[in-house]
């Protein structure tokens, strides 16, 4: 099983600040997904990136897949308290099996 | 339509007892996945089903863990002789099929506490 390292583990920022979360591996994945999870709920898919170098934007969130398909980043612009949650990256192995990073806990203070 | 449901939402048990966790996937989804999430950790893959068969059981931590799926729908994860290290949130997900890029839809999880 391939491993995904996610950083930072915890982020506490003020409303309006920007932040970036990183997801790195020494292995290549066929796709990489980003999820957001709130307490007491399961993860919810935010985006799937498939092509090396791909950049996807979802309102204030920008996702990038590395050229070699081994790493990815999530950038949030002008963070809001509603962005608070656990952010998880997941690399896809065979059979749609996902390998998850340990997650980044984001807290946005108003 | 209804999403993935899991029951019970919380389970407290004594060490050594057996527990059964249930997952109802989204209707029509042929692929079903079980994950375990420990406090402060990401999700750990346990097993996945395509229909009623389990091509990949590689993530099951020990032979105390087993899972079955009947009728291509409901799945049960059974943990025998529970240990304290089994305490975690057990998440189930389903997807349309097991092919690439299909979104996995997660249930809310079952929080298992072994005393």
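The values are calculated or read from the model by the stated rules, or taken from the named source; none is laboratory data. Predicted model only: the values in this text are computed from it and were never measured. Please note: Cβ atoms are built from the backbone with ideal geometry, for glycine as well, and neighbour counts cover all protein chains shown.
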Note to self: Exactly one of these conditions fails for residue B:76: (1) at pLDDT below 95; (2) under 11 Å from the mean Cα position of the chain (by Cα). Give me its number.
What the structure shows: (1)
Next item on the list: Give the residues of the stretch A:47-68 that are surrounded by fewer than 12 Cβ atoms within 10 Å (Cβ to Cβ) and within 13 Å of chain B (Cβ to nearest Cβ), sorted by residue number.
Entry: A:51
Next item on the list: Hey, could you check the stretch B:16-35 for residues that are closer than 22 Å to residue B:59 by Cα and part of a loop (DSSP other than H, G, I, E, B) and say which is nearest to the chain's Cα centre (by Cα)?
Entry: B:25
Next item on the list: Inspect all residues belonging to the stretch B:36-45 and state whether any of them is away from every other protein chain (no Cβ under 14 Å), assigned to a strand (DSSP E or B) and surrounded by 14 or more Cβ atoms within 10 Å (Cβ to Cβ).
Entry: no
Item checked: So residue B:111, is it modelled with pLDDT of 95 or more, touching a strand residue (DSSP E or B) at 6+ places or on another chain (Cβ under 6 Å), surrounded by fewer than 18 Cβ atoms within 10 Å (Cβ to Cβ) and within 12 Å of chain A (Cβ to nearest Cβ) -> yes
Item checked: Residue satisfying condition, being within 14 Å of chain A (Cβ to nearest Cβ) and in a loop (DSSP other than H, G, I, E, B), within set B:55, B:61 -> B:61
Next item on the list: For the stretch B:71-90, indicate whether the set of residues that are under 25 Å from residue A:4 (Cα atoms), within 11 Å of chain A (Cβ to nearest Cβ), assigned to a strand (DSSP E or B) and touching a residue at least 24 places away in the same chain (Cβ under 8 Å) is non-empty.
Entry: yes
Next item on the list: Would you be able to say whether some residue in the stretch A:92-105 is away from chain B (no Cβ under 11 Å), farther than 15 Å from residue A:34 by Cβ and either out of contact with any strand residue (DSSP E or B) (no Cβ under 7 Å at 6 or more places or on another chain) or modelled with pLDDT under 95 (or both)?
Entry: no
Next item on the list: Restrict the check to the stretch B:4-15 and report whether at least one residue is free of Cβ contacts under 8 Å to residues at least 24 places away in the same chain, buried (at least 17 other Cβ atoms within 10 Å of the Cβ) and in a loop (DSSP other than H, G, I, E, B).
Entry: no
